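Notes for the one structure printed next.
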Amino acid sequence: MDISLVRVWTREDVHGGGERVVATWWNGRGASFTLRRTDAAETEAAGGDADAVRPADEHLAAGPGERSPAWLACADVIVRLDGGGTARLDGYGAVTLDGVFARHPGCLVAVVVRPGGECVVGTRAGARARLVPLDGRTRIEADAASYASVVHAWIASGHPLDGLDGARLTVVRHGGAARRDGVRVVVEDGRDGRLTA
């Protein structure tokens, strides 16, 4: 299974997560997102600082390996790889954001990782952005689900996707040092990407 319950906190003093995603903008503004993933099919054990603070967002995220129609039907965030092999959604066409949203009506944020590591993210409302590796070489497949979870938390809190335009997103694993790589968010379609009830 490649499905997880993701809890996201926007306070830096919460240390219960397995990773943080740091967002910084050219003007020095910044935000920090603490993510804790648990297997959606299992009961989560209590513990950690994060349990004392209510998360800013909770959602189900389906990674590129998830194939269960039941889980995909209720996933809020879906990550897909485009490039052939078992990562394809079907045997004959390229994976697109519109295709993910058409196949999975419950999906609110989708990410498609294209050949060469280029990544596109979109919202059901039609907002679209590219996630461009900062060093031009970094393959971001391993962090695509984290970036998608940050986008979900961002828009679930009432911000439009274009508010992330130009932001640098960097994943910091639990206990690790800040990395130099990451992605720059380049919004291509700034439609109001806020989630609505």
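The values are calculated or read from the model by the stated rules, or taken from the named source; none is laboratory data. Since this is a predicted model, take the numbers as computed values, not measurements. Ideal geometry is used to build each Cβ from the backbone, glycine not excepted, and the neighbour counts take in all protein chains shown.
Tabulated data
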| item | result |
| --- | --- |
| Hits in the stretch 54-79 (condition: at pLDDT below 95, charged (D, E, K, R) and under 19 Å from Ala156 (Cα atoms)) | Arg54, Asp57, Glu58 |
| The one condition in (1) at pLDDT below 90; (2) assigned to a loop (DSSP other than H, G, I, E, B); (3) on the phi > 0 side of the Ramachandran plot that Ala94 fails to fulfil | (3) |
| Number of the condition not met by Gly166 [criteria: (1) at pLDDT 90 or above; (2) part of a loop (DSSP other than H, G, I, E, B); (3) under 19 Å from Val77 (Cα atoms)] | (3) |
| Positions within the stretch 1-20 being closer than 21 Å to Ala75 by Cα and at pLDDT 75 or above, in sequence order | Asp2, Ile3, Ser4, Leu5, Val6, Arg7, Val8, Trp9, Glu19 |
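To keep it simple, each residue is scored yes or no on (1) closer than 26 Å to Ser68 by Cβ; (2) surrounded by 15 or more Cβ atoms within 10 Å (Cβ to Cβ); (3) at pLDDT 90 or above; (4) within 14 Å of the chain's Cα centre (by Cα).
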residue	(1), (2), (3), (4)
Gly85	yes, no, no, no
Cys107	yes, yes, yes, yes
Gly122	yes, yes, yes, yes
Asp143	yes, yes, no, yes
Thr196	no, no, no, no
